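To start, the structure under review is shown below, and the notes come after it.
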Amino acid sequence: TGSVRAETQAMRALSIDIDREVVAPKILAVVWGTVLLTIAAILMGLLGGMLLADAKLGVSATHFLNRCIGALGPEDFACGLIKAAAFGGIIAVAGTTYGLKATRDAADLGRHTMRAVVTASFLVLISDHVLTSFIVAVLG
């Protein structure tokens with residue numbers, strides 16, 4: 001924790017913009033990571049559903065995929081990816097904001113980590129409702 005504090009002080013002394021050089025890349029990485037993980041989860045969910053439908057219900061893979069294409073539209077995937085990007089941004093901003101505030105010792109880092117998790121969780125829950133309402137209103 002002390003080394004992070006020293007590094008940020010050194011960067012400020014060298015007139016390096018911490019937000020641009022440290023925070024922004026972390027936020028972009030988490031946003032892209034959540035979007036990619038969401039895509040992987042969607043694909044794995046479809047694959048698992050297809051395998052289960054075939055094994056337990058005797059539904060062929062072709063029939064399953066045709067029904068999925070008929071039932072799911074691009075707006076369903078867009079909604080999931082938009083929300084994933086927003087959640088990633090919220091998590092990254094909370095994490096970096098509280099992470100840069102940790103100054104003293106490991107206990108201080110633990111307190112800031114807990115605050116970041118609580119804040120991000122709360123904001124994700126609230127933004128889920130707001131984004132879903134907005135996306136449904138816009139996309140129908």
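The values are calculated or read from the model by the stated rules, or taken from the named source; none is laboratory data. Source: prediction; values computed, not measured. Cβ: placed from backbone, ideal geometry, glycine included. Neighbour counts: every protein chain shown. Side chains are part of the model used for accessible areas, which takes the heavy atoms of the whole protein and leaves out ligands, DNA and RNA. Shrake-Rupley method; radii C 1.70, N 1.55, O 1.52, S 1.80 Å.
Once the 1.4 Å probe is applied to the protein heavy atoms, the chain comes out at 66 Å² accessible per residue. In summary, the aspartates and glutamates within cross-link reach of K83, defined as a Cα separation below 19 angstrom excluding same-chain residues under 8 places away, comprise E75, D128. The residue among T132, G49, P25 whose Cα reaches farthest toward the positive pole of the charge dipole of segment 20-140, with charges on the beta-carbon of Lys, Arg, Asp and Glu, is P25.
When the Cα convex hull of segment 53-114 is projected onto planes of every orientation, the mean area is 7.2 nm².
On the beta carbon distance between L46 and A85, with R0 = 22 Å, the FRET formula returns roughly 0.60.
About its Cα centre, the dipole of the chain is roughly 260 debye, where the only charges are +1 on Lys and Arg Cβ and -1 on Asp and Glu Cβ.
With contributions of -39500 (n - 2.57) from each DSSP H run of at least four residues, the per-residue ellipticity at 222 nm computed over the chain stands at -28500 deg cm²/dmol.
Among [x] 41, 16, 14; [y] 33, 18, 15; [z] 30, 20, 13, which one is semi-axes √(5λ) of the Cα gyration tensor in Å computed from these coordinates? Here semi-axes √(5λ) of the Cα gyration tensor in Å agrees with entry [x].
In a fully extended conformation the segment linking E75 and I126 would gain 16.2 nm over its present Cα-Cα distance, using 0.36 nm per residue. With both labels modelled 7 Å from their Cα along Cα-to-Cβ, the S15 to A106 distance reads 4.0 nm. Charged neighbours of R115, selected by a Cβ distance under 14 Å, balance to +1 (K, R count +1; D, E count -1).
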